[in-house]
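Participant: My questions will all concern the structure given below.
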Amino acid sequence: MKEDVISGIKNGKEQAVVELYNTYKNDFIRWSGFRYQLDEEDALDVFQEVVISFYENVKKGKLDKINYQLKTYLFAIGKNMIINRIKYDQRFDHGADPTDEVETFNLAEQEIEVNQRHGVIIAHLEKMGEPCYSILKLYFYDSFSMEAIANNLQYKNANVVKSQKLRCINELRKRVKEHYGPEDL
Amino acid sequence: MSDYNIDIDEVRDYLQDKLSSQRKQEIDKMIASDPEYAREFTQQKELVESMTVFYRGKLKQKLKAEDQAKRPKQVRSASISKRRWWAMAASVVLIAVSGYLLFFSDPSSQELFDEYYRPYYNVLTSGERSGEKTEMDAMSLYERGRYQEAITAFQEEIKDPSSQTALVFYLGLSYLAADQPLKAIENIEKVISGPASVLQEPAQWYLGLAYLKAEDIENAQRVFREIQNTSGSYQDQSSEILDQLP
């Protein structure tokens, strides 16, 4: 199954990751409930992040070969995510050091600025239909080459995809620019 | 914006650690020494990062939909049983009102809601992590599907609804997910009548769904017709719903 899932994801079959999720999610709910007292909703939320992280690592070529069982690998990522989540929650439950709070606040100020702009870009991405939705996904999220995108979406060749991708990016930039005005972007 | 013509493909490679260390050092040096270059690089970087967040959100929605797929079936079977009960009752009292039965052959507004409703992902992502506990918790609770707790956290956080429309939007969505459509409508309408924002389009879509959930067909039709007359991303789905409403 391990090789099938990895090659499926690499070939752009998103369904492979959905099947992976469905195969192990119930085991993960039981395991995380027993080990970390996670309720079902939190367990599913963590496991979705686990599977997405796996998907992204395969896409980036970081997981061509795994030396352990797929389930062991996924649960190990899950364990780290749960521990981080518990630490994150505890940090606020017990109150942070006041010095830390100032630092966090300053950092957060930068984050807010950045993330509000992310929100605007995302809202415009949501409005973009095909072929931009698929081309931008395959190129920027799935790390496909132009040739692979041409194959996947049945374009004549990589150059056609390249031109279309440029049009999509320019259109996205234009929409975001209109939102902010010329001075801001 | 194009003084430097920073190549967005190179920015993608920079973020994915695919550049040579020499090229990466050159870019880092430019970012550190030239504010204009740094500004343009940041803008390109935001585009690439936003695409990652967007498509990751879509994948997460897809996985969540796998879990929710079971729920509509349960609702559907309950609704079907209800229909059968009505049909039996009608036959017992010999009231052959064919138009009435025909009415019940349309999907109910609840069934349509179940079919089309998907939680809207968090476009604010870590941007809400302002260091203020309640706000962060509210979005975090929303993302984890703990809507009743999210409602309480949002209520604590919202001091001025007119300037915190994003949080009012997610408060409305939390009410909708927690089966309180009237309160959802009240809050989502505040977003729509508030200052222009990118959340107004999804707000209108969820307003239509909230009316469906509240079984207020007349208002649902009104909202979906308004969406149908735009060229937004919910146009097709609104037309599909209108076709199925009585």
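Participant: Just one of the numbered conditions (1) out of contact with any Gly (no Cβ under 9 Å at 6 or more places or on another chain); (2) surrounded by fewer than 19 Cβ atoms within 10 Å (Cβ to Cβ); (3) modelled with pLDDT under 90; (4) not assigned by TED's automatic domain parsing to the domain that holds A:LEU138 is not true of A:ASN26; which one?
Facilitator: (3)
Participant: Out of region B:228-243, which residues are in a loop (DSSP other than H, G, I, E, B) and either surrounded by 18 or more Cβ atoms within 10 Å (Cβ to Cβ) or facing another protein chain (nearest Cβ under 10 Å) (or both)?
Facilitator: The answer is B:SER231, B:GLY232, B:SER233, B:TYR234.
Participant: If you don't mind, another one. Quick one: which helices (runs of 4 or more DSSP H) sit completely within region A:1-93 and have at least 2 residues that are away from every other protein chain (no Cβ under 13 Å)?
Facilitator: Passing ranges, in order: A:2-10, A:14-36, A:70-93.
Participant: What are the residues in region B:8-41 that are part of a helix (DSSP H, G or I) and facing chain A (nearest Cβ under 8 Å), if any?
Facilitator: Result: B:ILE8, B:ARG12.
Participant: While we're on this one: Hey, can you tell me all the residues within region A:125-164 that are crowded, with 20+ Cβ neighbours inside 10 Å, in contact (Cβ under 8 Å) with a residue 24 or more places away in the chain, at the interface with chain B (Cβ under 10 Å from one of its Cβ atoms) and assigned to a helix (DSSP H, G or I)?
Facilitator: Scanning region A:125-164 gives A:LEU125, A:LEU136, A:LEU138, A:TYR139, A:TYR141.
Participant: Given the options B:GLU157, B:GLU201, name the one that is out of contact with any helix residue (DSSP H, G or I) (no Cβ under 7 Å at 6 or more places or on another chain) and either under 21 Å from B:TYR121 (Cα atoms) or modelled with pLDDT under 90 (or both).
Facilitator: Answer to the check: B:GLU201.
Participant: For residues that are assigned to a loop (DSSP other than H, G, I, E, B) and at the interface with another protein chain (Cβ under 10 Å from one of its Cβ atoms), tally how many sit in region A:165-182.
Facilitator: 1
Participant: Within region B:194-225, restricting attention to residues that are more than 18 Å from the chain's Cα centre (by Cα) and surrounded by fewer than 17 Cβ atoms within 10 Å (Cβ to Cβ), which residue is farthest from B:ASP179 (Cα to Cα)?
Facilitator: Only one residue tops the list, namely B:PRO195.
Participant: Could you look through region B:170-193, keep only residues that are out of contact with any Gly (no Cβ under 9 Å at 6 or more places or on another chain) and closer than 25 Å to A:HIS118 by Cβ, and pick out the one that is surrounded by the fewest Cβ atoms within 10 Å (Cβ to Cβ)?
Facilitator: That would be B:ILE192.
The values are calculated or read from the model by the stated rules, or taken from the named source; none is laboratory data. Just so we're clear, the structure is a prediction, and the values are computed from it rather than from any experiment. All Cβ positions, glycine included, derive from the backbone under ideal geometry; neighbour counts span all protein chains shown.
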